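Enquirer: One structure, as structure tokens, below. Some questions next.
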Amino acid sequence: MKGGQALIKSLINLGADTVFGYPGGQVIPLYDMIYDSDLNHILVRHEQCAAHAADGFARASGKVGVCIATSGPGATNLVTGLSTSYMDSTPVIAITGQVPGHLIGNDAFQESDIIGITMPITKHNIQINNQNMIPAYINSAFEIASTGRPGPVLIDIPKNIQEAELDEYNDGKINLEGYKPTKKGHKMQIKRAYETILKSEKIVILAGGGIILANATNELNKLAKLISAPVATTLMGKGIIDESDESSLGMIGMHGRRASNNLVNECDCLIAIGCRFSDRTTGKLDEFIPDAKVIHIDIDPAEIGKNVNVDIPIVGDAKIVLESLIKLLESKKINKSNLPWVNYYKTKNKKGRPQISFEDDELLKPQQVLKELSEVINKDTIITTDVGQNQMWMAYAFKSSKPRTFISSGGAGTMGFGFPAAMGAKVALPESDVVSVCGDGGFLMSCQDLATVKEEDIPFITCILNNNYLGMVAQWQRLFYNERMSHTYLGTTPDFVKLGEAFGINSERIEKVGETKEALKKALKTGEHTLLEIVIDPNELLPMVPPGEGINNIVGEKSEDGD
Amino acid sequence: MNKNHIISTLVKHESGVLQRVSGLFTRRGFNIESITVGESEIDGLARMTIISHGDEKSLEQMLKQLNKLIDVIKVRDLNVETTIKRELCLIKMSTPTEKVRSEIIQYTQIFGGKILDATSEDFIIEITGDSDKINSFLDLMRPLNIKKLSRTGPTAMSKSTRC
């Protein structure tokens with residue numbers, strides 16, 4: 001057995017039978033071996049899309065996503081994707097070819113120091129220089145990528161190692177004595193959290209993406225009910241709680257709902273789980289949760305106390321810690337449902353729900369589009385967004401109800417992510433409907449992969465919210481830079497319908513209220529890939545907290561009740 | 001309050017580990033005064049001693065972030081009071097006159113140093129000790145014209161029986 005075959009065998013043994021990749025000089029031996037294997041290889045049209053697709057695959061399924069690229073430019077094209085996975089803690093394995101061992105360091109053709117390049121954007125990376133170690137390294141890479149705080153791991157395999165004969169295929173692992181994620185929370189700290197919860201009268205739960213990664217959604221909802229606390233989520237936490245529920249406050253932060261931002265700031269106890277208090281979440285730190293005792297549960301000790309001072313730190317897996325906490329709370333019959341806070345937050349939350357119906361406006365509003373989208377999809381439909389206004393409209397006003405159905409690039413804010421991520425999600429869960437919501441700017445950054453979608457038959461719906469602007473930057477220019485629209489007008493190129501058609505994709509332009517709904521219905525029925533260019537009002541602004549201000553100071557919110 | 005911290009780590013003795021550690025410090029904006037690496041008592045592991053300057057919060061982040069590196073096995077913040085720090089310094093001094101030669105020899109003896117090599121034109125001197133001692137020695141040598149200077153940066157060991 002050769003190195004490449006050992007790699008393929010290990011991947012299949014680990015259940016990673018689907019990979020996204022692009023061949024090139026230094027992976028020809030590996031691809032020659034893939035030719036005879038059971039690996040389901042999806043040929044993308046740009047390595048960045050392989051990385052994003054692997055990421056979308058991982059986010060949708062909870063499994064490890066795998067991508068393959070050749071050395072040099074192939075490997076460096078993965079960088080943005082890996083950085084995206086790293087910031088949002090998704091388990092991805094990137095396999096790169098490398099020039100043969102004897103050429104490393106000689107500036108050989110298509111050589112790049114991909115280990116050095118990806119050190120700061122991977123959880124770990126390894127160059128394998130002994131073919132016999134391939135199975136052990138792959139096993140360990142999967143362990144590192146998928147346990148603790150998940151993240152991307154890159155494995156660099158020189159061409160000669162791919163071709164070298166193994167003495168023996170030895171499963172096993174490398175010694176990872178420096179890697180021991182804490183899963184069970186500290187008993188005393190959980191007890192302290194429990195005591196604080198008993199004493200507190202205005203509790204808010206802040207739920208982050210870590211809950212989805214730990215598959216702790218049920219536990220989170222159980223805790224919220226048990227202590228009658230409302231749940232605000234971060235962007236990455238969307239889907240943890242059914243957002244139509246009266247105790248769901250929606251997203252907090254720069255583009256959060258006013259009710260959500262205000263209630264979080266009014267609480268006397270914040271239970272933050274699986275979130276990292278990013279600047280987009282907290283706004284000005286001095287004005288964030290002024291009166292709250294903070295309980296922070298996270299599997300990454302470095303996140304605790306990094307941005308926000310914490311009273312009760314609990315390092316551990318969200319599911320395990322929440323189970324213990326719930327057990328303690330259940331041992332004592334607590335009833336917080338009669339606290340004035342409960343009525344207060346419910347009333348406040350009922351008011352100021354974002355207005356999404358704009359049926360009378362001449363230009364189509366993005367809110368109206370997402371309303372029509374909401375009306376035709378089901379609870380299992382996976383939505384991916386790109387980055388910018390399209391993303392924040394969805395995060396702000398679209399109601400998710402299940403984990404892993406709202407996929408978005410959070411920390412890295414990677415334009416061009418949404419479309420390939422949808423590709424990965426659809427490949428992971430072919431039975432689910434997938435809708436990718438993009439802007440015109442972001443979609444163009446990865447549109448070449450329409451070819452992949454066509455050739456590999458990956459049917460999902462791409463909605464391009466076209467306002468001819470780089471919308472989010474344009475919004476900042478309108479609000480904070482005296483309307484000096486420096487380089488944010490993208491013009492009217494391309495004709496997205498013709499672009500879609502050039503790739504053989506059903507494409508349609510939408511300009512009026514009601515058309516989105518009809519087109520989506522039709523597309524879902526045909527089961528074929530469909531591209532919808534939805535022309536929207538370029539002047540519609542998102543409510544937002546001006547940069548550098550506290551999250552109470554949200555401006556521009558339009559609510560159903562005009563409040 | 002900003003203070004000097006001595007961070008002692010046990011790391012895999014492999015290529016790239018130093019880059020992982022120094023890259024982490026650069027990326028997170030932590031400062032490194034000095035870093036020394038060498039064999040440890042355990043086969044395959046090296047001990048890396050990092051001297052850094054920062055407040056308590058950045059120290060906490062340094063320790064936590066270092067711990068997250070897969071190739072870092074152990075991280076300790078050593079108590080400055082109960083830790084022995086030593087560094088090695090090599091100095092090349094020009095010796096133009098007999099007077100200078102004898103002055104250098106005397107100072108070197110006082111500081112417990114050694115003259116490792118002597119030619120008609122220069123001496124190479126070795127001094128070990130904590131950073132203060134080396135600084136004092138260098139203060140004496142500077143007026144006599146230091147030709148070359150090479151310091152290792154401190155390595156450290158706690159006097160505590162537990163670590």
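The values are calculated or read from the model by the stated rules, or taken from the named source; none is laboratory data. Predicted, not measured: the structure shown is a model, and the values here were computed from it. Every residue, glycine as well, gets a Cβ built from its backbone with ideal geometry; the counts of neighbours run over all protein chains shown. Ligands, DNA and RNA are excluded from the accessible area calculation, which covers all protein heavy atoms including side chains. Shrake-Rupley method; radii C 1.70, N 1.55, O 1.52, S 1.80 Å.
Enquirer: Quick check on my filter: what residues within segment A:366-389 are open to solvent by less than 20 Å² (accessible area, probe 1.4 Å) and assigned to a loop (DSSP other than H, G, I, E, B)?
Expert: If the condition is that a residue be open to solvent by less than 20 Å² (accessible area, probe 1.4 Å) and assigned to a loop (DSSP other than H, G, I, E, B), then A:Thr381, A:Asp386, A:Gly388 are the ones that fit.
Enquirer: What's the total number of residues in segment A:302-327 that are open to solvent by less than 50 Å² (accessible area, probe 1.4 Å), touching a residue at least 24 places away in the same chain (Cβ under 8 Å) and in a helix (DSSP H, G or I)?
Expert: Residues flagged as open to solvent by less than 50 Å² (accessible area, probe 1.4 Å), touching a residue at least 24 places away in the same chain (Cβ under 8 Å) and in a helix (DSSP H, G or I) within segment A:302-327 amount to 7.
Enquirer: Considering A:Gly172, A:Gly237, A:Gly178, which residue is of a type outside the set (D, E, K, R) and crowded, with 24+ Cβ neighbours inside 10 Å?
Expert: Values: A:Gly172 fails: crowded, with 24+ Cβ neighbours inside 10 Å; A:Gly178 fails: crowded, with 24+ Cβ neighbours inside 10 Å.
Checking each option against the conditions leaves just A:Gly237.
Let's see how each residue does on (1) under 30 Å from A:Phe406 (Cβ atoms); (2) buried (at least 23 other Cβ atoms within 10 Å of the Cβ); (3) within 12 Å of another protein chain (Cβ to nearest Cβ); (4) of a type in the set (Asp, Glu):
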residue: A:Gln98; (1), (2), (3), (4): no, yes, no, no
residue: A:Gly105; (1), (2), (3), (4): no, no, yes, no
residue: A:Glu111; (1), (2), (3), (4): no, no, no, yes
residue: A:Ile115; (1), (2), (3), (4): no, no, yes, no
residue: A:Gln127; (1), (2), (3), (4): no, no, yes, no
residue: A:Asn132; (1), (2), (3), (4): no, no, no, no
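Yes or no, residue by residue, for (1) touching an Asp or Glu at 6+ places or on another chain (Cβ under 6 Å); (2) among the hydroxyl-bearing types (Ser, Thr, Tyr); (3) open to solvent by 50 Å² or more (accessible area, probe 1.4 Å):
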residue: B:Ile6; (1), (2), (3): no, no, no
residue: B:Lys12; (1), (2), (3): yes, no, no
residue: B:Ser15; (1), (2), (3): no, yes, yes
residue: B:Leu18; (1), (2), (3): no, no, yes
residue: B:Gly29; (1), (2), (3): no, no, yes
residue: B:Glu33; (1), (2), (3): no, no, yes
residue: B:Gly38; (1), (2), (3): no, no, no
residue: B:Ile42; (1), (2), (3): no, no, yes
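Enquirer: Which count do you get for residues in segment B:113-161 that are touching a helix residue (DSSP H, G or I) at 6+ places or on another chain (Cβ under 9 Å), closer than 25 Å to B:Thr83 by Cβ and not in a strand (DSSP E or B)?
Expert: The qualifying residues number 6.
Enquirer: Here's a follow-up. Please report, ordered by residue number, the strands (runs of 3 or more DSSP E) entirely within segment A:111-222 with at least 3 residues that are more than 22 Å from A:Asp317 (Cα to Cα) and not assigned by TED's automatic domain parsing to the domain that holds A:Ser247.
Expert: Working: elements: A:124-127, A:153-158, A:203-207.
The strands (runs of 3 or more DSSP E) meeting that bar are A:124-127, A:153-158.
Enquirer: With (1) without any contact (Cβ under 8 Å) to a residue 24 or more places away in the chain; (2) away from chain A (no Cβ under 14 Å); (3) not in a strand (DSSP E or B) as the list, and B:Glu60 as the residue in question, which single condition is left unmet?
Expert: Looking at each condition in turn, B:Glu60 falls short on (2).
Enquirer: A follow-up question, please. Mind listing whichever residues of segment A:510-563 are hydroxyl-bearing (Ser, Thr, Tyr) and in a strand (DSSP E or B)? Working first, answer last.
Expert: Here is the first cut: in segment A:510-563, the ones hydroxyl-bearing (Ser, Thr, Tyr) are A:516, A:526, A:530, A:559.
Of everything in segment A:510-563, those that are hydroxyl-bearing (Ser, Thr, Tyr) and in a strand (DSSP E or B) turn out to be A:Thr530, A:Ser559.
Enquirer: Would you mention how many residues in segment A:477-509 are of a type in the set (S, T, N, Q), touching a residue at least 24 places away in the same chain (Cβ under 8 Å) and outside any loop (DSSP other than H, G, I, E, B)?
Expert: Taking segment A:477-509 as the starting set, the residues that turn out to be of a type in the set (S, T, N, Q) are A:477, A:482, A:486, A:488, A:492-493, A:506-507.
Then keep just the ones that are touching a residue at least 24 places away in the same chain (Cβ under 8 Å); that gives A:492, A:506-507.
Cutting the leftovers down to outside any loop (DSSP other than H, G, I, E, B) gives us A:506-507.
Qualifying residue count for the region: 2.
Enquirer: For segment A:158-166, state whether one or more residues are within 12 Å of another protein chain (Cβ to nearest Cβ) and either in contact with a strand residue (DSSP E or B) (Cβ under 6 Å, 6 or more places away or on another chain) or among the hydrophobic types (A, V, I, L, M, F, W, C) (or both). If you could, list the steps in order and put the result at the bottom.
Expert: Narrowing segment A:158-166 to residues within 12 Å of another protein chain (Cβ to nearest Cβ): none.
The answer is no, given that none of the residues of segment A:158-166 is within 12 Å of another protein chain (Cβ to nearest Cβ) and either in contact with a strand residue (DSSP E or B) (Cβ under 6 Å, 6 or more places away or on another chain) or among the hydrophobic types (A, V, I, L, M, F, W, C) (or both).
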